[in-house]
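First comes the structure, then the notes that go with it.
Computed from the coordinates by the stated procedures, all read-outs in this text should not be read as laboratory data. Nothing here was measured: the structure is a model prediction, and the numbers come from that model. Using ideal geometry, Cβ is built from the backbone for each residue, glycine included, and neighbour counts are taken over all protein chains shown.
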Amino acid sequence: MEFNRRNFIRSATLLAAMSLSEIENISAKQKIKTDGKLISDNDEVFWQNVRQLFPLTKDHIYLNNGTFGPSPYPVIEAVHSGMMEEDQDGNYGGWEAIVDKLAKFVGASGDEIALTHNVTEGINIACWGLPLKRGDEVILTTHEHIGNAAPWLCRQREDGIVIKAYTPAMTADETLNRISSLINKNTRAIATPHIPCTQGQVLPIKEICALAKEKGIYSIIDGAHGAGMMALDLHDIGCDTYASCFHKWMLGPKGTGFLYVKKDVQNIIRPYNVGGGSTEGDWDMTTTPIRSAEYTKSAHRYYGGTQSSGLCKGMIASIDFIETIGLNNIHRRIKDLGKYTQVRLLEFGDKVELLTPTEERSRCAVNGFRIKGVEYTKFHSICAENKIRIRSVSENGLNCLRVSTHIYNNKAEIDQLMDLIKKV
Ligand SMILES: Cc1ncc(COP(=O)(O)O)c(C=O)c1O
């Protein structure tokens with residue numbers, strides 16, 4: 001009796017010390033557990049509970065996940081407690097804990113995963129490590145983000161490689177035709193995004209990698225928008241490398257990413273960012289000749305030195321968060337929001353130009369558009385004044401606007417953007 005009373009008093013004190021929003025969060029965390037069940041993409045009550053777990057302020061509408069994916073509380077709490085533990089006990093290491101879990105999540109094996117800090121770092125490792133000589137050609141798109149453009153452009157300047165660029169088409173088949181037509185005897189690599197940052201076309205990545213394999217060239221994929229937006233099976237996709245991050249669709253800690261390097265190409269792509277963990281065997285600076293070490297027999301050869309175990313805990317928590325809801329449920333919901341955006345944009349007829357394919361397999365959660373007679377930068381500013389965040393796309397003269405939606409968004413928010421378009 002006494003014991004129960006004491007417990008009751010303790011719980012009551014704890015509850016009294018918690019804010020209402022903390023109590024609501026605990027309850028929302030329970031309500032988003034799906035235990036593998038399918039959730040309807042229109043189950044607004046479920047998705048409202050999901051939204052509850054994001055600290056995003058309610059006084060503005062965030063439609064820019066393509067740049068930056070805000071984390072939910074469980075991820076932020078994991079980073080916080082991970083950093084506290086690290087700083088309280090001074091224990092060193094532990095970041096390797098994410099590798100096998102992540103490998104399983106993306107359909108790879110642990111020895112094919114290198115930890116990075118962002119997509120750009122992964123692309124640089126692959127780009128600078130490939131054995132390319134003057135005159136060798138690499139295929140990119142005219143829709144590159146600077147993170148996939150800069151490394152290849154610099155390699156063009158430094159080493160005389162030649163970049164060829166195709167424009168992603170409105171259908172997967174036409175995109176494949178355009179890539180095929182650029183391949184010749186000098187082509188060494190296709191270094192394409194899976195989903196370009198500009199207009200969010202989902203490119204036929206498996207077929208692109210199969211084409212590369214058939215022609216004996218490398219497939220070096222910029223997967224900034226792959227992980228977390230859809231289920232990935234990198235072995236099935238068949239790419240040689242795939243660079244992605246946790247800070248977009250994975251809703252994980254900022255400044256965390258990974259590079260997948262297929263086992264067969266690890267002896268071809270030369271590591272340059274080496275240090276603790278990248279080599280194995282004895283090395284000794286006092287012997288004559290100096291005794292060197294071998295590269296680690298895994299993708300760990302591509303990263304060396306200290307990482308953050310606090311951020312690693314956050315990465316683990318972001319996979320757990322996604323799996324609690326179910327990646328298939330997330331994918332269906334965000335694809336539905338993407339389709340709703342397209343339907344609403346198409347209602348404007350010839351006043352608005354939808355730039356993203358409507359083809360089922362080529363669309364997902366990112367859409368690009370232009371408003372006839374309205375400068376894209378002007379509309380971007382109008383959105384900012386009205387507390388709606390979208391992205392303006394100035395890359396390669398595309399001069400358009402981009403909307404990207406994740407699970408914390410809903411149709412009412414998309415409607416508010418449409419009302420603003422109607423006004424202008
Ligand atoms: C397609 C694409 N590639 C590369 C990047 C660069 O990503 P990060 O900032 O993680 O290096 C981005 C970022 O928006 C992107 O959209």
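Some observations on this one:
- Set the Cα radius of gyration of the chain against 2.2 N^0.38 Å, with N its number of residues, and you get 1.07.
- Under DSSP loop assignment and at most 16 Cβ neighbours within 10 Å, longest chymotrypsin sites (Phe, Trp or Tyr not before Pro)-free interval of the chain: 93-271
- Highest-first arrangement of 309-320, 168-179, where packing means the average Cβ count within 10 Å: 309-320, 168-179
- Cβ-placed point charges (K, R +1; D, E -1), dipole of the chain about Cα centre in debye, nearest 20: 860 debye
- Rounded to the nearest 0.05, the FRET efficiency derived from the C-beta distance between residue 353 and residue 294 at R0 = 51 Å is 0.40.
- If R0 is taken as 60 Å, the Cβ-Cβ distance between residue 375 and residue 162 corresponds to a FRET efficiency of 0.95.
- At R0 = 41 Å, FRET efficiency that the Cβ-Cβ distance of residue 346 and residue 185 yields, to 0.05: 0.40
- Furthest towards positive pole of dipole, 124, 314, 161, structure part the chain, Cβ charges: 161
- About its Cα centre, the dipole of the range 277-424 is roughly 580 debye, where the only charges are +1 on Lys and Arg Cβ and -1 on Asp and Glu Cβ.
- Relative contact order (%) - criterion: Cα under 8 Å, at least six apart; region: the chain: 22 percent
- Net dipole in debye of the range 168-254 [+1 Lys, Arg Cβ; -1 Asp, Glu Cβ; about Cα centre; nearest 20]: 280 debye
- A straight chain from residue 153 to residue 284 at 0.36 nm per residue would run longer than the Cα-Cα distance by 43.4 nm.
- Straight-distance candidates among the lysines for linking to residue 351, with alpha-carbon spacing under 26 Å and chain neighbours fewer than 8 residues away dropped: 335, 339, 372, 378, 387, 411, 422, 423.
- Size descriptor, Kirkwood hydrodynamic radius, that averages inverse alpha-carbon separations across the range 328-423, Å: 13.6 Å
- You can think of it this way: the chain between residue 37 and residue 386 has 121.9 nm of extra reach, that is 0.36 nm per residue less the Cα-Cα gap.
- Value of [θ]222 nm, deg cm²/dmol, for the chain, DSSP H segments ≥ 4, -39500 (n - 2.57) each, nearest 500: -13000 deg cm²/dmol
- The slack in the chain from residue 177 to residue 48, taken as 0.36 nm per residue of separation less the alpha-carbon distance, amounts to 42.2 nm.
- Using only alpha-carbon positions in the range 241-292, the gyration tensor eigenvalues give semi-axes of 32, 15, 7 Å once each is multiplied by 5 and square-rooted (largest first).
- Cβ-based charge dipole, the chain, positive-most Cα from 407, 250, 75: 407
- Using the Karplus relation 6.51 cos²θ - 1.76 cosθ + 1.60 with θ = phi - 60°, the per-residue 3J(HN,Hα) values for the range 67-77 come to 8, 7, x, x, 8, x, 3, x, 6, 4, 5 Hz, with x marking Gly and Pro.
- Taking amide hydrogens as placed 1.01 Å from N in the peptide plane, the amide H of residue 388 sits under 5 Å from those of 61, each at least 5 positions away in sequence or on another chain.
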